[in-house]
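Below is one structure, written out as structure tokens; comments come after it.
The numbers here are math on the coordinates, done by the rules we state, and not lab data. Computed from a predicted model, the values in this text were never measured in an experiment. Every residue, glycine as well, gets a Cβ built from its backbone with ideal geometry; the counts of neighbours run over all protein chains shown.
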2 protein chains.
Amino acid sequence: MPIYNAPLKDMEFILNDVFQAEQFWQGNENLAHLDMATANAVLEEMAKFSKNVILDLNRPADEEGGAQFNNGVVTTPKGFKEAFRQFAEGGWVGLGAPEEWGGQNMPKMLTVLADEMIWSTNPSFMLYPLLTVGAGMAINDRASQEQKETYLPKFYTGEWSGTMCLTEPHSGTDLGIIKTKAESNEDGSYNITGTKIFITSGEHDLSENIIHLVLAKTPNAPAGSRGISLFIVPKFLVNDDGSLGERNAVSAGSIEHKMGIKGSATCVMNFDGAKGYMVGNENEGLAGMFVMMNYERLSMGIQGVGAAEFAYQNAAQYATDRLQGRASTGAKSPEKPADSILVHGDVRRMLLNVRANNEASRAFAVYVGQQLDITKYSTDPEAVRKATDRVALLTPIAKAYLTDKALDSALEAQMCFGGHGYIREWGMEQCIRDLRISQIYEGTNGVQAIDLIGRKTTKCNGAYIAEYIAEIREFAQGLDALAIKAATLETCQQLEDITKFIVEQSKLNPDFANSIAVDYLHAVGLLSFVYMYARISKAAAAKDDSYFQNKLVLANYYVAKVLPDLSARIQRIQAGAELVMQLPEDYFTAQA
Amino acid sequence: MPIYNAPLKDMEFILNDVFQAEQFWQGNENLAHLDMATANAVLEEMAKFSKNVILDLNRPADEEGGAQFNNGVVTTPKGFKEAFRQFAEGGWVGLGAPEEWGGQNMPKMLTVLADEMIWSTNPSFMLYPLLTVGAGMAINDRASQEQKETYLPKFYTGEWSGTMCLTEPHSGTDLGIIKTKAESNEDGSYNITGTKIFITSGEHDLSENIIHLVLAKTPNAPAGSRGISLFIVPKFLVNDDGSLGERNAVSAGSIEHKMGIKGSATCVMNFDGAKGYMVGNENEGLAGMFVMMNYERLSMGIQGVGAAEFAYQNAAQYATDRLQGRASTGAKSPEKPADSILVHGDVRRMLLNVRANNEASRAFAVYVGQQLDITKYSTDPEAVRKATDRVALLTPIAKAYLTDKALDSALEAQMCFGGHGYIREWGMEQCIRDLRISQIYEGTNGVQAIDLIGRKTTKCNGAYIAEYIAEIREFAQGLDALAIKAATLETCQQLEDITKFIVEQSKLNPDFANSIAVDYLHAVGLLSFVYMYARISKAAAAKDDSYFQNKLVLANYYVAKVLPDLSARIQRIQAGAELVMQLPEDYFTAQA
């Protein structure tokens, strides 16, 4: 059976030593309730829950076919109901939610670490509360006081759950062309009619009610994305006293059969004149949805970190135990029939690649979490402005770069198992199948890259990244003779140069940015990870313990063995768009 | 449902224009029976079989759970039995086998293309005849005349099938530590006892008898790989008149539950004193197995090409049909609600990456096939010597580089589908699951890289690659002003330099080669693909047709957008082994 132990020591190191979390919390009146002891206690509790409760439900949920659909009713996998009850009773649904509505008001830089453990041990399970958290965030931001009072407390007790209904069969990335209609009733409510697909947790048996947040168009709405409104559509209508009323005209038509996350019910939802209530202003629904997008997209990045950590732990254990061949330098364990495969450079290469990406990914998630916390909790307008820009810049990295690197990592970890990695019982292949969706949903990684290079870079003439590079440079210049210093400064220069090139080229050729967006996203990802290693190195160098001293070796490994990808990315960007765009459309399907 | 149309036009172009196949065949007395018309007819027949017969069996075989095991009996998926009968009656099992035993004696440079179509449409199906072909090759090379007469004709009619039994639970890459025993009987036969795992087609219902080729150790055999012998162990013993006799003491204990290729039965085989017959000389069994390894490993590369071609065709069709968003340069189809996603540079980038790798992969497979044909059919000793060295060098590339690039390609193709790529009905996720094994079996790609850098490079001081580079240089220098010329010559120089560095460093540090082997494998892969584009470009430039002229664009795309990976690979090689090896073994599992 797959193993998992939460990396608590690394998590504490990142919070405490790399980002001086306690100092940050105590210096902020809205977070002064939190200290490291409490944060560690939270993480220790989640470490137990993830290892003792949901890890063992993960493989059976996949093996037994996942969520089941029968006549509009969805049954979640064995054990999910009881585990979710425990999860809700532990207050985990509202871990980051406002105390006012029953949440625990924990900052994102802590919740990302708790979330990582759930992603490591049972990603299908994680998706049930995740959508509730997202829906709660949108309601908290945009809904009326009455709507908040009606729905939010029920979310954080786990009695009710939420969904986000955006996609339609013909409309995914391009939400401007959705067809779902909202026709107003005399009582101020709306009748919602249409079909939504890929609705995570659209129907299930974990909660008494399901509150759908639905994008739809009112009759005379402007065309495109400026004519979309947001509606609350409950599965059961809610009586004035808060009790459940009649069943609304919304139902699951089927669930998807997927590559992975089979325990998560991905539903086709049919709205047949279902009663809905507008949230916020008419035609401003998309903005309402995007309120929580920065948070959700970071969560997908954490899915990557969690999966890659799980993959690493299992691969490292397997490699330690598996005896095969002899070291190039002579037998290391002559008393055994063969040496552990850890003696082979190629096996170490794979494990170090995974670990180097994991440690930087985790630090980066906490860094972005901290920026989100500044936007939410800080009272300093300039700090909020800076953090808001930083979050805008880095959200696509957090979503796409972390999940791209996570898939690479999980694949390398699987390879450490040889043929056994392909056999289901080891859990590695499920890890890859479950992880793969993180690159696709919440905006594909290609769409993230286009967001990064468009709205976040060329549109502001590179201002966001310039400010980011300035921060990194300042940090690096303050480092002592650590080897990482030179690499960080050089990477800053390379990113500055290539960004300037991109901003210029984009003005000359409208196709330029889109055609090299993913390469730029990876370039900014590499810069970000070098920055994380600069921060990790500084913190580790201050600790007199081989466990932390080894982090300096890993940082050097990163620079020597992972960072070289930057030169390839830059060359591709410099090669431009022409060769990408010049072939006619019918070239692609012309009969070969 | 997934689509597939065999790329016959490209296949003919590669055979006829790129490699002047007919001239090669007609110039060789042992191949003079073959002309392009016959070759095209063979490919057209296989195009029909793959599209009309086995494609439709592929998804059901996966959806319905694959091969089924009940009490030692394996049932293949619905339709496999009838399809295999058709396949065998069409003479496809013996397509490349000697006419003497009922084969069709077709050269490898043709059979790789036929094989590709089966890999595209039904990889699980392909594995049944593939192992028979491999076993037949080993028997043809090493067995006695009587053994050949007994088994080979039955293989090529499809009445009997073959397996290769190497791996044991504790012994995969390291075959030197196998435990299966062979004790001699007075009649010259042996009793074979042991457990073999991961035995493809170890048990099934497609043939009347199954002939296992088994590696085992005789009682006083030397330790390690020099003490391994090869045995024929039939499922049913064969009477003197060739009819089936009693059931032998070999049986399937279970089948594996895998990530993919679920239609292929991967068996645990128990040998309980089963009667076996030695093939070739005692203690020379491993060499017997390796006879067919060069062929089998190329087949795994073709699995990659086939899967990536299937993925490409489906992704290109989906991208053409899917309307979403608008072109950066303004609406391309203003009459429609949105443009085809082919207007987006990032979608084109993905499709072109896949296609650029596919076309080079296919050409490379034919190139290596031709080299194998020279070793088999040529009467010129120097040509045979050169081709033998070339095959030795390039087999790891054909196996590992082609499958590594194929997985990258299939993943990019899946991404073109957005969320739909994650849904089983589109067939993309199965393609990836089925393909993944090609990087793992027949020696993991890491093991291939170590073979390349060890036995094939440092051991001969780089002689094999020097001769390969000389050939490429000579070819490139003969090119006219094509842009590919400079890139090819520069890549030759880079590979020459880095190979020299590797040969030197390997002498100084025994861990060096292993730790950078995969990077070197990819560097040689990139050189090989640039070489293929040099050859494709020359052939395409001679044709006055936009279909072929577009290949020059694709060649330039390859140089601009794919080849830059070389600089990253070289940097990693230059960074050496130290950072890979310096951490202690317990670092990897120390509790984080």
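Cα centroid distance between region A:129-171 and region B:40-117, in Å?
When both Cα centres are located, 53 Å separates them.
Restricting the count to DSSP beta bridges whose residues both fall in the protein assembly as shown, what percent are antiparallel, rounded to a multiple of 5?
Of those bridges, close to 80 percent are antiparallel.
Return a whole-number percent for the relative contact order of region A:480-569, with Cα pairs under 8 Å and 6 or more residues apart as the contact set.
Relative contact order, region A:480-569: 37 percent.
Out of every Cα-Cα pair in chain B, what percent are more than 45 Å apart?
Tail of the P(r) past 45 Å holds 16 percent of the pairs.
Amide H neighbours of B:Glu284 under 5 Å, at least 5 residues apart or on other chains, H built in the peptide plane: list them.
Long-range HN contacts for B:Glu284: B:Leu230.
Just add up the charged neighbours of B:Leu452: K/R +1, D/E -1, any other residue whose Cβ is under 12 Å from the Cβ of B:Leu452.
With Lys, Arg at +1 and Asp, Glu at -1, the neighbours total +2.
How many nm is it between the label spots at B:Glu382 and A:Asn5, if each spot is 7 Å from the Cα in line with the beta carbon?
6.4
Between B:Glu246 and B:Arg455, what is the FRET efficiency for a Förster distance of 35 Å, r being their Cβ-Cβ separation, to the nearest 0.05?
With a Förster radius of 35 Å, E is 0.25.
For region B:446-579, what is the largest minus smallest coordinate of the Cα atoms on each principal axis, given in angstrom and ordered from greatest to least?
Sorted from largest, the Cα extents of region B:446-579 read 53, 25, 22 Å.
Could you state the principal axis extents of the C-alpha atoms in region A:8-291, from the largest down, to the nearest angstrom?
55, 46, 39
Could you please rank B:Lys399, B:Lys561, A:Lys78, placing first whichever residue has the fewest other Cβ atoms within 10 Å of its Cβ?
In increasing order of surrounding Cβ atoms, one gets A:Lys78, B:Lys561, B:Lys399.
Through the Karplus equation 6.51 cos²θ - 1.76 cosθ + 1.60, θ set to phi - 60°, convert the phi angles of region A:227-240 into ³J(HN,Hα) values in whole Hz; use x for Gly and Pro.
Each residue of region A:227-240 in turn: x, 10, 10, 10, 10, 8, 10, x, 4, 10, 4, 10, 5, 4 Hz.
Checking a compactness column here: for region B:504-592, what do you get for Rg(Cα) / (2.2 N^0.38 Å), N being the number of residues?
Normalised Cα radius of gyration, region B:504-592: 1.62.
Run through the other copies and list how far each one's label point is from that of A:Glu99, in nm with one decimal, shortest first; the point sits 7 Å from Cα along Cα-Cβ.
Ordered by increasing distance: 9.1 nm.
Among rounded, prolate and oblate, which fits region A:146-271 when a ≥ b ≥ c are the square roots of the eigenvalues of its C-alpha gyration tensor, a/c under 1.5 means rounded, and a/b larger than b/c means prolate?
oblate
What are the ³J(HN,Hα) values, in whole Hz, obtained from phi via the Karplus relation 6.51 cos²θ - 1.76 cosθ + 1.60 with θ = phi - 60°, for each residue of region A:191-207 in sequence order, with x given for Gly and Pro?
9, 9, 9, x, 10, 10, 10, 6, 8, 5, 6, x, 8, 5, 10, 8, 9
Copy-to-copy spacing for B:Pro334, label 7 Å out on the Cα-to-C-beta vector, in nm, shortest first?
Ordered by increasing distance: 8.3 nm.
Sort A:Phe290, A:Phe236 by Cβ crowding within 10 Å, fewest neighbours at the top.
If I rank by nearby Cβ atoms, fewest first, I get A:Phe290, A:Phe236.
Calculate the length of the line joining the C-alpha centroid of region B:477-541 to that of region A:258-318, in whole Å.
Taking the Cα centre of each part, region B:477-541 and region A:258-318 sit 44 Å apart.
What net charge is computed for the residues neighbouring B:Met415, neighbours being all others with C-beta under 10 Å from the C-beta of B:Met415, Lys and Arg scored +1, Asp and Glu -1?
Neighbourhood net charge equals -1.
Report the label-to-label distance for B:Asp586 and B:Thr75 in nanometres (one decimal), using points 7 Å from each Cα along the Cα→Cβ vector.
5.3
Measuring from label point to label point, each 7 Å out along Cα→Cβ, what is the B:Asp205 to A:Glu44 span in nm?
5.8
If you take the square roots of the eigenvalues of the alpha-carbon gyration tensor of region B:293-443 and sort them as a ≥ b ≥ c, do you get rounded (a/c under 1.5), prolate (a/b over b/c) or oblate?
prolate
To the nearest 500 deg cm²/dmol, what mean residue ellipticity at 222 nm is calculated for the protein assembly as shown from DSSP H runs of n ≥ 4 alone, each contributing -39,500 (n - 2.57), summed and divided by the residues?
Per the formula, -16500 deg cm²/dmol.
Compute the FRET efficiency between B:Gln68 and A:Glu63 as 1/(1 + (r/R0)^6), taking r as their Cβ-Cβ distance and R0 = 25 Å, and round to the nearest 0.05.
After rounding, the FRET efficiency stands at 0.95.
Find the Rg to Rh ratio for the protein assembly as shown, where Rh is the Kirkwood radius over alpha-carbon pairs and Rg uses the same atoms.
Result for the protein assembly as shown is an Rg/Rh of 0.97.
Report the full-extension gain for the segment A:Lys500 to A:Glu335: residue separation times 0.36 nm, less the Cα-Cα distance, to one decimal in nm.
Extending this stretch completely gives an extra 53.4 nm.
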